[in-house]
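Peer 1: Quick one: the structure is below, and I'll ask about it shortly.
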Amino acid sequence: MPSTSSAVARPAVDADRAAVPHLRRNYTLGIITGGLAGLAQAFLHPELIVAGLIWALTQSPMLVAGVTIISKAGALAPQLWASTHLEHRPTKMPYFVAVILVRAAALAAMVGTLSLLRTGGNGWGLAGFFAAYLAVCVSGGSARVVYLDMVGRMIPRGRLGTYFGTRTFLGNLLAILAGAVAVQPILQRVALPTNYLLIVIVGGAVSLLDMSLFSRCRELPGPSARRRTTLGESLWRGFKWLRTDHNYRMYLWMRVAFRMNYLGLAFFIPYGTRALDVRGPGGLAVLGGIMVAVMQVSRMLASIVWGRLADRRGFRGCFLGAGACFLVAPALALLAPRLPAVFAVPIPGTAAVLDLPLAVYLLALLALGVATQGNIIGGSHFVVSSAPPRRRPSYSAFVNTVTSPLTLLPMAGAWLAGWVGMASIFALVAAGGLLMLTSAAAMRPPRRPRTRPVPPSPVPDDTG
């Protein structure tokens with residue numbers, strides 16, 4: 001008779017493989033495509049690449065702000081509408097493949113309009129570029145809805161944290177390498193706008209490769225709604241969830257909090273250069289480069305930690321940690337300029353000097369990167385593990401759609417910074433951190449996952 005200890009010591013992964021078909025193939029492809037997604041982001045980053053392109057061509061702050069708004073609102077606002085086309089389908093991969101084709105056409109249009117632009121820009125060319133970029137963002141948001149639903153059927157709940165954490169770790173690692181080896185050399189050595197044209201072409205190709213590889217995952221039919229849902233019905237159901245699902249209601253408040261926290265990313269470099277009185281050769285460029293590197297490294301390293309925490313403590317542990325870091329980051333940012341220099345250490349390869357104020361400011365940015373990654377992994381884990389299986393697309397999309405108007409906050413933040421002062425931005429970030437922390441604390445701990453996950457039923461289900 002086998003002992004209890006030997007039964008406990010049996011690897012859980014064997015049970016996972018038995019309960020979830022094609023686990024190894026889907027898990028491996030998911031990790032690889034996560035790395036490619038991070039690599040593509042290095043070439044298509046909204047704030048660092050696309051906004052930089054528009055600024056270089058037009059010198060227009062309003063058009064630069066438009067890039068951020070389109071990138072966020074375009075990806076979030078249409079998600080609930082996209083989910084209405086999915087929930088009655090037992091398999092979602094055909095829709096995902098259709099999104100790949102749409103994204104390929106949008107990227108081709110983006111490259112085509114970019115090739116026509118010259119310094120100073122032109123009205124029709126810029127309008128075409130922004131329309132193509134909007135299509136790219138909408139297709140990305142639609143793909144996200146499909147992706148989370150398929151992951152819920154492909155990956156066991158007990159391994160979701162490690163899965164998301166490893167994907168983002170690899171993606172951030174490749175993004176850091178690409179930035180140093182390819183992106184920055186192209187931007188510095190190739191003339192405008194050819195440099196950005198090359199970057200967008202490479203980024204678009206990697207993005208399509210990422211999605212095409214994920215389409216090779218083997219998806220089994222899962223629970224589905226009995227019929228196609230209208231947008232009005234999806235909105236009604238979402239508000240019903242807010243009334244009856246306590247954790248979902250808290251998650252909505254955390255999404256609101258994150259939009260407030262995001263202001264810190266938009267204003268960290270301008271506030272730092274002004275508050276720390278950065279001068280000397282390439283002051284702004286040097287500080288900006290150092291800060292981007294700190295952000296990327298912090299998010300890369302934090303991915304593994306948050307992933308393991310999500311598997312052991314669930315999404316609530318990630319949200320609590322992220323909220324705490326979102327509180328610490330603005331406090332350190334406001335404290336840094338008030339500290340004495342104390343020491344002065346040259347930063348290798350730059351003309352900058354690391355003193356106590358700059359060190360504390362970079363520590364604040366590190367906390368912000370850790371918090372951002374914790375929120376992303378916790379949110380993905382929450383949606384996949386908590387949503388009704390047949391309603392997972394709209395469960396994720398409803399919150400993103402109703403909070404999408406908050407993507408306009410950076411413009412309001414710019415007005416507030418000009419009226420009250422840039423330090424007020426970090427007061428808002430701290431308020432967002434407090435809102436996230438209290439909402440996470442109010443969440444009820446997730447149920448303990450089953451030892452042997454039940455495979456999805458191929459029979460359509462619309463009960464409950």
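Peer 1: Ranked highest first by the average count of other Cβ atoms within 10 Å around their residues, in what order do 396-403, 340-347 fall?
Peer 2: On the way: 396-403: 23.1, 340-347: 10.0.
In decreasing order of mean packing, 396-403, 340-347 become 396-403, 340-347.
Peer 1: Still on this model: What does the charge count around R255 come to, taking other residues whose C-beta lies under 13 Å from its C-beta (Lys +1, Arg +1, Asp -1, Glu -1)?
Peer 2: Numbers: positive: K72, R249, R259; negative: none.
Overall, the nearby charge balance is +3.
Peer 1: Just how large is the dipole of the stretch 194-266 about the Cα centre, in debye to the nearest 20, putting +1 at every Lys and Arg Cβ and -1 at every Asp and Glu Cβ?
Peer 2: On the way: 11 positive and 4 negative charges, 92 e Å.
My answer is approximately 440 debye.
Peer 1: Can you tell me the Rg and Dmax of the stretch 20-229, counting just the alpha carbons, in angstroms?
Peer 2: 18.1, 57
Peer 1: May I ask you to give the average projected area over all directions of the convex hull of the Cα atoms of the stretch 232-447, in nm² rounded to one decimal? It would help to have the intermediate numbers written out before the result.
Peer 2: On the way: hull surface 52.8 nm².
For the stretch 232-447, averaging the hull's shadow over all directions gives 13.2 nm².
Peer 1: Run the dipole for the chain about the Cα centre, Lys and Arg Cβ at +1, Asp and Glu Cβ at -1, nothing else charged, and hand back the magnitude in debye, nearest 20. Working shown, then result.
Peer 2: On the way: 42 positive and 14 negative charges, 318 e Å.
In debye, rounded to 20, the chain gives about 1520.
Peer 1: Can I ask one more? For q values of 0.11, 0.13 Å⁻¹, compute log₁₀ I(q)/I(0) with the Debye formula on a Cα-only model of the chain, without solvent.
Peer 2: -0.92, -1.29
Read the figures in this text as sums done on the coordinates, not as results from a lab. Note that the structure is predicted; figures quoted are calculated from it, not measured. Counting neighbours? That spans all protein chains shown, and the Cβs are built from the backbone with ideal geometry, glycine included.
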